[in-house]
Amino acid sequence: MSRFAVLTSGGDAPGMNAAVRAVVRRGLSKGYEIKGIQRGFAGLFNGSEFLDFNLGSVAGIIHRGGTMLLTARAEEMLQPEGPDRAAKRLFSEGVDGLVVIGGEGSFHGALALQDRGVKTICIPGTIDNDINETDSSIGFDTAVNTILDAINRLRDTATSHERIFLLEVMGRHTGYLALAAGLAGGAESILVPEIKWDLDDICRRLLQGIERQKTHSIIVVAEGTADVFEINKEIRRRIAVETRVTVLGHIQRGGSPSAVDRLLGSRMGAAAADLLIDGKSGLFTAVKGERIEAIPLEESFKNNKPFPKELYELILDLSR
Ligand code: F6P
């Protein structure tokens, strides 16, 4: 193999550019030709989406959010003929090794290509941090920090008006983002899909806070748990408090990547290139403690990433 390609797919995440840069520069330094595929897997179904990379192509991107390769959620890959067509396109471009940077959906696409003979290595890139077998994914740390900035700002205004704020954050069906940001931001409560919560209990905690003259409360709500506006309505129906709702939305997905995400992107990108060069396939890069490991792609589909309940309980203890 002398030529491989890299693409970013699904929701963009800060640090993806660091990973692309690392794949390209590691590959080039080992004598490989590297192609960039634009718009994720969708780029495999269009005419002119392949870029020829040289060392300069990835200059000046390590500090930028988003992805220089553009991204998409490719419907074509879900069609019965999709993966066959995509694999054929790669072979016709002389590419038989691919690095896919993205979340779970992107990993499924990668596995379909691997089943058709394309050597494939994945890198977890998603702010949701919902991928099994890895402590973190590229973009998570930056998103947590962006949410913290929002919490700090909300607390200023919440305190001035003695209000309660409900802040909805992303995470798809999971609450890892809400948990980390809620704990680090000193939120009074977090509501996540993984843990059954009780609105009466939350209201009781709010009232206890008011009794001891607390001037603000922040409730972080994971988007996958319930409609934040309904929760707000229910709280106001139960207790006489002044509340406001903020939906942070895509602001939490943009911005310059943190040092943690640049490091993770750089390390995982280089590791992915090394794995392809070593002839490996069907793996993804995972971080476990200080180490980057290669894990079979199938492990990521088991949906059993443990939810750190002890951190959830810590919030209940610390935010009184
Ligand atoms: O997976 C990343 C993510 O930002 C999720 O947290 C969120 O549910 C989803 O993507 C939003 O997708 P879109 O950008 O297509 O609206």
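Helix 259-277 and the longest principal axis of the Cα set of the chain meet at an angle near 30°. Region 207-229 to region 249-266: how many Å between their Cα centroids? Rounded to whole Å, the Cα centres lie 27 Å apart. Against the main long axis of the alpha-carbon atoms of the chain, helix 228-238 sits at an angle near 10°.
Per the Cα gyration tensor, region 141-254 maps to an equivalent ellipsoid with semi-axes of 21, 16, 12 Å, ordered largest to smallest. Going by neighbour counts of Cβ atoms within 10 Å, the residues T71, T225, T246 line up, fewest first, as T246, T225, T71. Annotation: for a label point projected 7 angstrom from Cα along Cα→Cβ of N152, no residues of region 277-320 have a backbone N closer than 12 Å.
Pairs of lysines in the chain whose Cα atoms sit within less than 16 Å of one another amount to 7, provided the residues are eight or more positions apart or on different chains.
Out of every Cα-Cα pair in region 1-124, what percent are more than 20 Å apart? So the pairs more than 20 Å apart make up 34 percent of the total in region 1-124.
Relative contact order of the chain, taken over Cα pairs closer than 8 Å and 6 or more residues apart, is 24 percent. The distance between label points at L207 and F91 comes to 6.9 nm (points 7 Å beyond Cα on the Cα→Cβ vector).
Counting other Cβ atoms within 10 Å as a rough exposure proxy, the listed residues H216, H63 run H63, H216 from fewest neighbours to most.
When the Cα atoms of the chain are aligned to their principal axes, the ranges along those axes come out at 69, 39, 34 Å in descending order. Using the Cβ-Cβ distance between H161 and E75 with R0 set to 35 Å, the FRET efficiency works out to roughly 0.20. For region 141-254, relative contact order (Cα pairs under 8 Å, six or more residues apart, normalised by length) works out to 41 percent. Quick one: if the Förster radius is 41 Å, what FRET efficiency do A259 and F229 give, using the C-beta to C-beta distance and rounding to 0.05? FRET efficiency, A259 to F229: 0.70.
A helix-only calculation puts the chain at -12000 deg cm²/dmol for mean residue ellipticity at 222 nm, using -39500 (n - 2.57) for each DSSP H run of at least four residues, averaged over all residues.
Computed from the coordinates by the stated procedures, all read-outs in this text should not be read as laboratory data. Quantities reported herein were computed from a predicted structural model and do not represent experimental measurements. Note that we place each Cβ from the backbone using ideal geometry, even for glycine, and neighbour counts take in every protein chain shown.
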